[in-house]
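Only one structure is covered here, and it is reproduced in the block below.
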Amino acid sequence: MVVEVSGLIETLRLRNLERYRRVELDFSGGLNLIKGRNSTGKTTLLNALTFALFGEVPEAKPRLLVSKLPGSGEMSVYVRFRSPVSGQIVEVERRGSLDRKGDYRTEGRLLRVDGKNISLESEEDLRSKITELLGMSLRKFLNLVYIRQGRLTEILEPQRDHMDSVMGITLLRELREQLDEARRELERFNGKDVATEIQNLEERVPELDSSLKQIDEDVSRLNKEVQELENLLKKAESMELSELLNYIKKREHAEEELKKVNSRIQELLENAGASSIEELETKISLGEKELETLKTTRNNLKKELDASMEKWLSMKSNVSNIEKQIREHESLTRSGVSKCPTCGQDLQPSIIQKLLEEDRGSLARFKLEEAEAKKGYDLKSSEFQNIVERINVAESECSRMKTLGNRLREYLNSAEAFMKTRDSTLVAIKEKLAVLGLPFTPEDPELKLKLAQQLPLQPDELTRKRSELAEKKGSLERKTSIRMETSKKLEDYRRLLNELKRRMEKAGLAHRLSQSFDQAVETRRRELIKRIEFRALEYYRAMTDQHVYDAIIINPEDYSVSVHPKGLTDPIPATRVGGGHQTILALAIRLALLNALSLNSLLILDEPTYGVDSENLPQVASYIGEASKQLSQMMLVTHYNICEEEASNIIEVSVQEDGSSKAEIKT
Ligand SMILES: Nc1ncnc2c1ncn2[C@@H]1O[C@H](COP(=O)(O)OP(=O)(O)OP(=O)(O)O)[C@@H](O)[C@H]1O
Ligand SMILES: [Mg+2]
């Protein structure tokens, strides 16, 4: 019974592949039977199909596929299939050859979808596109669809990861693992454990917070202190105040100088024997007048002195004249001269004697007179001398007085200047006091002291306070920058803490998701297993009349199959039953698997009846024929004459005389 339905694989073409020089085969829907004797090239066709689709064949390197038939050139495979996913017509072609070293080198690849060439970046790109269009990966293809020669019963004791992958668990598990990975990533931050970090931060944040508060307190205290100090210093250093102090200093200086000058004035007055400059001046003018009088007296005296001197001198000359006359007369007498040598008069000794006597009388008188004149002169002279001395005294006194007067005037002038200064500073002090609102009088001698009491700071304190202010400002600056750092740190910590908490929430979510994912996956897996167990038992019963097992059990842990033979207390592994039954069980499970996974587009079986006894063979074969009807397409390789009736397409494979294989559709 041939049913013409369109299958998945439509055409396979190959050149120079293993034993084939050239093959072109069209496949039909339903059962495609590939027949032929051993080693003719049946399996080769399936390998060619696998290679065409995925670019590789299990357990055979591409270089081994290149035909070693004499005269073979470039190997090529081409397959056309209808995508069970999109319904599009997909064409794949691969070409390659051996290089000098004997390695396979791809010469070209081609993918056409609905007649349109698709650009390909690489082998991986082509493979991923085929996987998408075919709805399955190479792994799934090999585990589910293409049951290779001698591997049918592997399903009875399969590899767990293969089965997981076949059942779609791998993908789900991969997703779960990605979720777990995401969770693990979320639970780590900068190489640290997030939970520990959160714990650390939750300790650090309040610590930092309280230290920030402490810093804030310090800062505001320092601010206040700086403010106070600044105010204090401002007051202490105020212009008005310092000007006032300057005026007071000036006033004090003026007063001091005035005091000195006054005492000098006093001294001078005392020296001058006067009580005032006016008195001194009177004294000077009196002195001058007196001097004047003295000088007049002196001048008069001088005249008198000169007169008396003249008189004395004339007296003196009288005396000396008489004495001379006497000496002459005496000499005349002694020499006996009778005539006067001078007047020529005849001299008589008596006359001379008389003359001598007269002369001597005159001389005595003259001498008396001269003595008298000298006395008078001496008297005048001493009088004169006296008056000269008095003049000298009066003159020096007068000049002393004048000098004193000059100096006194000078002192009085400077006293006046100092008084002026004092008075003007007093006015200024008064003004400043008024400006500053201080209740003192400018004349107050204790003003400075009182002001000092009013002053916020004493001058020596001022310097100390200034350096204190500078110090405080410095520490305020430092504290402020510490504050900024701390608050930034705190902010960072808080942000980080929030972020970490969010991370942990996400991690928790990922964890919960992963757990429920796991549960869902596990539930689905067990459901699938149950369905497969149930269907497999059904198929098994349909394939043989030897209903020796009443249960097929798939171990959910490792997918190993057990059967429960009737009459036995416990199940036994399916690998322990007879070979023929193993084949039947494997077929039943594989079909049940495809059914459970709703994969009904293609099944390729290479010699699936190995070990089946001749009595069971027709039933198995007929069941395979039946099963093929449940699928869009089945390819069955066999060297038994089975299923020919059910086949919609029979391909005969044989070896020709030149040693090459030939595959042709039996018409
Ligand atoms: N590179 C190659 N060049 C030429 N022939 C090759 C090459 N590789 C393998 N062969 C031959 O191809 C044939 C492989 O045949 P294949 O395995 O397809 O046989 P078969 O028909 O499946 O046989 P069986 O029924 O025994 O499984 C063998 O004869 C082998 O010698
Ligand atoms: Mg074979």
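The values are calculated or read from the model by the stated rules, or taken from the named source; none is laboratory data. Being a predicted model, the structure only gives us computed values, none of them experimental. Every residue, glycine as well, gets a Cβ built from its backbone with ideal geometry; the counts of neighbours run over all protein chains shown. Side chains are part of the model used for accessible areas, which takes the heavy atoms of the whole protein and leaves out ligands, DNA and RNA. Shrake-Rupley method; radii C 1.70, N 1.55, O 1.52, S 1.80 Å.
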Number of the exception - LEU568 against (1) within 16 Å of ligand 2 (Cβ to nearest atom); (2) not assigned by TED's automatic domain parsing to the domain that holds LEU49: (1)
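Specify the residue that is farthest from ARG37 (Cα to Cα); the eligible residues are those in segment 632-641 that are in contact with a Ser or Thr (Cβ under 7 Å, 6 or more places away or on another chain) and buried (at least 22 other Cβ atoms within 10 Å of the Cβ).
Step one: of segment 632-641, the residues in contact with a Ser or Thr (Cβ under 7 Å, 6 or more places away or on another chain) are 632-634, 637-638, 640.
Keeping just the survivors that are buried (at least 22 other Cβ atoms within 10 Å of the Cβ) gives 633-634, 637.
Working: GLN633: 23, MET634: 20, VAL637: 11 Å.
Checking each candidate, the answer is GLN633.
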Search result, residues across segment 178-213 that are of a type in the set (S, T, N, Q), open to solvent by 90 Å² or more (accessible area, probe 1.4 Å) and within 25 Å of the chain's Cα centre (by Cα): ASN190
Scope segment 509-537; condition farther than 24 Å from HIS162 by Cβ and touching a residue at least 12 places away in the same chain (Cβ under 8 Å); matching residues: ALA510, HIS511, LEU513
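Does LEU69 count as assigned to a loop (DSSP other than H, G, I, E, B), within 12 Å of ligand 1 (Cβ to nearest atom) and over 30 Å from GLN630 (Cα atoms)? Let's see the steps before the verdict.
Numbers: assigned to a loop (DSSP other than H, G, I, E, B): yes; within 12 Å of ligand 1 (Cβ to nearest atom): yes; over 30 Å from GLN630 (Cα atoms): yes.
Yes.
Within segment 563-595, work out how many residues are of a type in the set (S, T, N, Q) and surrounded by fewer than 21 Cβ atoms within 10 Å (Cβ to Cβ).
Total meeting the criteria: 3.
Looking only at residues in segment 25-58 that are open to solvent by 20 Å² or more (accessible area, probe 1.4 Å), more than 13 Å from ligand 2 (Cβ to nearest atom) and farther than 16 Å from GLU10 by Cα, which one is modelled with the lowest pLDDT? Step through it out loud before you land on a result.
Keep residues of segment 25-58 that are open to solvent by 20 Å² or more (accessible area, probe 1.4 Å), which gives 26-27, 35, 37-39, 43, 47, 56, 58.
Now narrow it down to the ones that are more than 13 Å from ligand 2 (Cβ to nearest atom): 26-27, 56, 58.
Within this subset, residues satisfying the condition of being farther than 16 Å from GLU10 by Cα are 56, 58.
Numbers: GLU56: 95, PRO58: 90.
Ranking the candidates gives PRO58 first.
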Criterion violated by HIS253 - all others in (1) surrounded by 18 or more Cβ atoms within 10 Å (Cβ to Cβ); (2) modelled with pLDDT of 90 or more satisfied: (1)
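Taking segment 62-82, which residues are open to solvent by 30 Å² or more (accessible area, probe 1.4 Å), over 18 Å from TYR146 (Cα atoms) and more than 16 Å from ligand 2 (Cβ to nearest atom)? Steps first, please.
Step one: filter segment 62-82 for residues open to solvent by 30 Å² or more (accessible area, probe 1.4 Å), giving 62-64, 68, 70-74, 80, 82.
Filter once more, so that each one left must be over 18 Å from TYR146 (Cα atoms): 62-64, 68, 70-74.
Listed by number, the residues that qualify are PRO62, ARG63, LYS68, PRO70, GLY71, SER72, GLY73, GLU74.
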Pair list, Cβ < 7 Å and 6+ apart or interchain, from segment 212-227 residues that are in a helix (DSSP H, G or I) to residues that are open to solvent by 80 Å² or more (accessible area, probe 1.4 Å): VAL226/LYS473
Check on ARG173, in contact (Cβ under 8 Å) with a residue 24 or more places away in the chain and touching a His at 6+ places or on another chain (Cβ under 7 Å): no
Segment 350-392: number of residues that are more than 18 Å from SER317 (Cα to Cα) and open to solvent by 40 Å² or more (accessible area, probe 1.4 Å): 15
